[in-house]
Amino acid sequence: CSYNFKYIEWKPREEGGGFAGTYTRDDPNLPKTEKNERGQDICVGTGNLLSPTGEHYGFTLDRETGKWEQAVITMSSTQLKNSRKLNSLVAQQTVQTTQGPRPAPSYSRMYQLRTKGESNEHGDWCSWDIGLAENSVITDINLYRAAKAFSQAVTKGGVQAKHVSQDGVSTDAPF
């Protein structure tokens, strides 16, 4: 339905960990950073990690009940490539108008996100496998209206992701 990009500041685990702040790209308070040995952005002065993060807002389908629920998926670190892939896929969708093809609203299509295993020299993790859902155009008018309203709420700032540390501790604004 909608997308935001933010920088999320995290305290190091060795110092108790946890959420330290969130910033937009043009935020005047965005901390200055230096790269560490792993290529991560570390805030000058605090030593906190500054993590570029894509926030994808949409609906998930509970296959058992058939009900749609609002959701947010945050993608950072190794998932940023998947965030860009999802954004590219959304941008490629078009709708035919009397003036010719136009970009389709982000909330007018369904995408299928599955998990897949990945690994490198630092370990193993799950990643997203992203594609268009079969019959991807939303034809249910109630779902379409709900998705449009959700998109507008996110755009106006009425909905924000609730960031949770890696140990599951809740942090800032509720979702």
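The values are calculated or read from the model by the stated rules, or taken from the named source; none is laboratory data. What you see is a predicted model, and the numbers here were worked out from it, not measured in a lab. As a convention, Cβ positions derive from the backbone with ideal geometry for all residues, glycine included, and neighbour counts pool all protein chains shown. For the accessible areas, the whole protein counts, side chains as well, though only heavy atoms, and no ligand, DNA or RNA atoms are used. Shrake-Rupley method; radii C 1.70, N 1.55, O 1.52, S 1.80 Å.
Observations on the model:
- Lone unmet requirement of (1) surrounded by 12 or more Cβ atoms within 10 Å (Cβ to Cβ); (2) assigned to a helix (DSSP H, G or I) for residue 91: (1)
- Restricted to the range 64-88, and to residues there that are hydroxyl-bearing (Ser, Thr, Tyr) and touching a residue at least 12 places away in the same chain (Cβ under 8 Å), the residue that is most open to solvent (accessible area, probe 1.4 Å) is 77.
- Residue 61 vs. criteria at pLDDT 95 or above and either open to solvent by 90 Å² or more (accessible area, probe 1.4 Å) or of a type in the set (A, V, I, L, M, F, W, C) (or both): no
- The residue that is nearest to the chain's Cα centre (by Cα), counting only those in the range 98-135 that are farther than 22 Å from residue 75 by Cα and open to solvent by less than 70 Å² (accessible area, probe 1.4 Å), is 104.
- Residue list for the range 30-42, filter: open to solvent by less than 50 Å² (accessible area, probe 1.4 Å) and either in contact with a His (Cβ under 6 Å, 6 or more places away or on another chain) or acidic (Asp, Glu) (or both): 41
- Among the residues of the range 107-128, the one identified as touching a Cys at 6+ places or on another chain (Cβ under 6 Å) and at pLDDT 95 or above is 107.
- The listed residues are 54, 45, 17, 21, and the only one of them that is surrounded by 19 or more Cβ atoms within 10 Å (Cβ to Cβ), of a type in the set (Gly, Ala, Ser) and farther than 16 Å from residue 77 by Cα turns out to be 21.
- When residue 93 is tested against (1) farther than 23 Å from residue 159 by Cα; (2) of a type outside the set (Ser, Thr, Tyr); (3) at pLDDT below 95, exactly one condition is not met: (3).
- Of all residues in the range 135-164, those satisfying the criterion of being of a type in the set (S, T, N, Q), part of a helix (DSSP H, G or I) and without any contact (Cβ under 8 Å) to a residue 12 or more places away in the chain are 142, 152.
- Residue check for residue 11: buried (at least 17 other Cβ atoms within 10 Å of the Cβ) and among the basic types (Lys, Arg): yes
- Those strands (runs of 3 or more DSSP E) of the range 8-79 in which 2 or more residues are under 30 Å from residue 152 (Cα atoms) and in contact with a Cys (Cβ under 9 Å, 6 or more places away or on another chain) occupy 49-62.
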